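In what follows, a structure is listed as structure tokens, so that the remarks can point back to it.
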Amino acid sequence: MRFTKDHEWVEMEGDVAIVGITAYAAEQLGDVVFVETPEVGKTFKAGDGFAVVESVKAASDVYAPVSGEVLEANTALGDAPETVNAAPEAAGWFAKLKLANPAELEALMDRHAYEAYLDTL
């Protein structure tokens, strides 16, 4: 699993990147009440806003940690947005992407580096 400073994660499953927000991000948001996932077939560059998550505290953009095309969106979050709080780094994933540039993964933090980053916040 790799991480961004904006608190998104990406995990590779074969050549498919699964993307979501971190447990830290979910905790900071509070109770998630709405999730808008990206459309299948849409392409994003790393850093583009590709999803929206709303909580009782705020609405936040979720940024694509890597460039790629959306192969699948976790539409179950529409009916059960609380899954993002319950399992942010598992069932609460937002989308699966076909990577456009696998080298972008190398620029992301591993879990150890991400946890060290969190200590600076």
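The values are calculated or read from the model by the stated rules, or taken from the named source; none is laboratory data. Remember, predicted model here, so these are calculated numbers, not experimental data. Using ideal geometry, Cβ is built from the backbone for each residue, glycine included, and neighbour counts are taken over all protein chains shown.
Observations
- Scan of the stretch 73-88 for residues that are surrounded by 15 or more Cβ atoms within 10 Å (Cβ to Cβ), out of contact with any Pro (no Cβ under 9 Å at 6 or more places or on another chain) and either polar (S, T, N, Q) or within 17 Å of residue 17 (Cα to Cα) (or both), ordered by number: 74, 83, 85, 88
- Qualifying residue in the stretch 53-68 (condition: in contact (Cβ under 8 Å) with a residue 60 or more places away in the chain and farther than 14 Å from residue 1 by Cα): no
- Top-ranked residue of the stretch 14-27 - restricted to ones that are at pLDDT 95 or above and outside any helix (DSSP H, G or I), ranked as farthest from the chain's Cα centre (by Cα): 16
- Qualifying residue in the stretch 54-63 (condition: out of contact with any Leu (no Cβ under 7 Å at 6 or more places or on another chain), in a loop (DSSP other than H, G, I, E, B), at pLDDT 95 or above and not β-branched (Val, Ile, Thr)): no
- Condition check for residue 37 on (1) touching a strand residue (DSSP E or B) at 6+ places or on another chain (Cβ under 7 Å); (2) at pLDDT below 95; (3) not acidic (Asp, Glu): one failure, at (2).
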